[in-house]
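Take a look at the structure below.
The values are calculated or read from the model by the stated rules, or taken from the named source; none is laboratory data. Source: prediction; values computed, not measured. When we count neighbours, we look across all protein chains shown, and the Cβ atoms used for this are built from the backbone with ideal geometry, even at glycine.
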Amino acid sequence: MNRFGYVAARVWPWVLVGLLTIVITVLAMLPAAWITPQFALRTGGRVVLADPSGSLWHGSATLRLAAGSDSGDATELPGRLEWTTAFWPLMTGRVHMTLDQTAAMPAPVELVATLRQATLGAGSLDVPASLLDGLGAPFNTLALRGIVRLDWNEWRVFGPNAFGRMTVTLSDIASRVSRVRPLGAYQVIYEAQGETGTLQLKTLKGPLILEGQGDMRDRRLAFNGDARADPAVAENLRSFLDLLGRRDPDGSYALVFNR
């Protein structure tokens with residue numbers, strides 16, 4: 001080995017260490033503001049992480065829901081979404097994050113992702129029904145109030161394919177356009193089955209009875225169901241039901257949703 005080769009052999013490891021140090025420093029200083037826009041991009045502006053602070057490694061943001069990227073109205077969940085990213089898994093091409101919502105989650109959840117797949121651990125989330133107003137019609141018209149609880153098992157995503165089960169329970173639901181309070185309690189179950197998914201709506205209790213099924217294909221939801229009222233309060237719920245859909249001859253109202 002000539003003198004140049006000898007010097008290069010001794011210096012090269014230190015050059016690598018220096019480059020690695022620079023990369024780690026840049027990543028460590030990567031601000032949360034560079035990361036959070038990805039949520040809005042992936043959800044068409046419906047889920048927004050606003051007012052970010054911190055970095056890739058430890059940061060937080062406020063969760064907002066909106067009808068889309070061009071919507072001027074949005075609703076904000078109290079508290080902050082906080083995350084912590086483990087360093088060493090990044091060396092093997094994995095992102096391992098711990099996520100917590102300070103006001104809505106009873107326990108943190110784990111998110112593990114690679115370039116090919118992502119897995120979100122089982123968890124739950126309690127939010128006020130008023131948060132749905134930010135999604136636009138018909139939620140902003142109905143102005144629902146009450147508690148919405150989301151429970152999900154392990155959620156796995158492989159490219160465009162998702163697998164998992166989510167249960168949404170709406171309790172003591174009321175509306176500013178109805179004098180009947182509460183309207184009832186309801187449950188929505190969504191099953192993700194790869195490129196498709198199924199949705200089922202049922203009533204747990206209450207004078208307003210909602211039922212229906214839906215399918216998700218090509219990221220579009222087609223839902224068909226019906227709404228009807230307990231005869232004892234049917235007249236008081238008439239105007240509210242008129243907002244939900246077309247009245248059928250049997251007295252029920254068609255719930256049709258395609259988006």
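Listed values, structure above:
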| quantity | calculated |
| --- | --- |
| The stretch 156-215, subset hydroxyl-bearing (S, T, Y) and more than 15 Å from D226 (Cα to Cα), residue surrounded by the most Cβ atoms within 10 Å (Cβ to Cβ) | S178 |
| Pairs, first over 24 Å from F87 (Cα atoms) and surrounded by 14 or more Cβ atoms within 10 Å (Cβ to Cβ) in the stretch 47-74, second acidic (D, E) and modelled with pLDDT under 80, C-beta under 9 Å, six or more apart | A66/D73; A67/D73 |
| Single match in T119, T92 (criterion: touching a strand residue (DSSP E or B) at 6+ places or on another chain (Cβ under 7 Å) and not acidic (D, E)) | T119 |
| Strands (runs of 3 or more DSSP E) wholly inside the stretch 174-259 containing at least 1 residues that are of a type in the set (F, W, Y) | 184-194, 220-229, 253-258 |
| Residue ID - modelled with the lowest pLDDT, chosen from residues in the stretch 99-128 that are more than 18 Å from S60 (Cβ to Cβ), more than 14 Å from the chain's Cα centre (by Cα) and aliphatic (A, V, I, L, M) | L115 |
| Residue list for the stretch 138-161, filter: more than 19 Å from D218 (Cα to Cα), assigned to a strand (DSSP E or B) and either touching a residue at least 40 places away in the same chain (Cβ under 8 Å) or not hydrophobic (A, V, I, L, M, F, W, C) (or both) | R145, G146, R149, D151 |
| Positions within the stretch 210-241 being more than 16 Å from V256 (Cα to Cα) and among the acidic types (D, E), in sequence order | D218, D230, E235 |
| Test: residue in the stretch 120-134 that is crowded, with 16+ Cβ neighbours inside 10 Å, in a strand (DSSP E or B), among the polar types (S, T, N, Q) and touching an Asp or Glu at 6+ places or on another chain (Cβ under 6 Å) | no |
| Verdict on L111 being within 30 Å of D172 (Cβ to Cβ) and either surrounded by 15 or more Cβ atoms within 10 Å (Cβ to Cβ) or of a type in the set (V, I, T) (or both) | no |
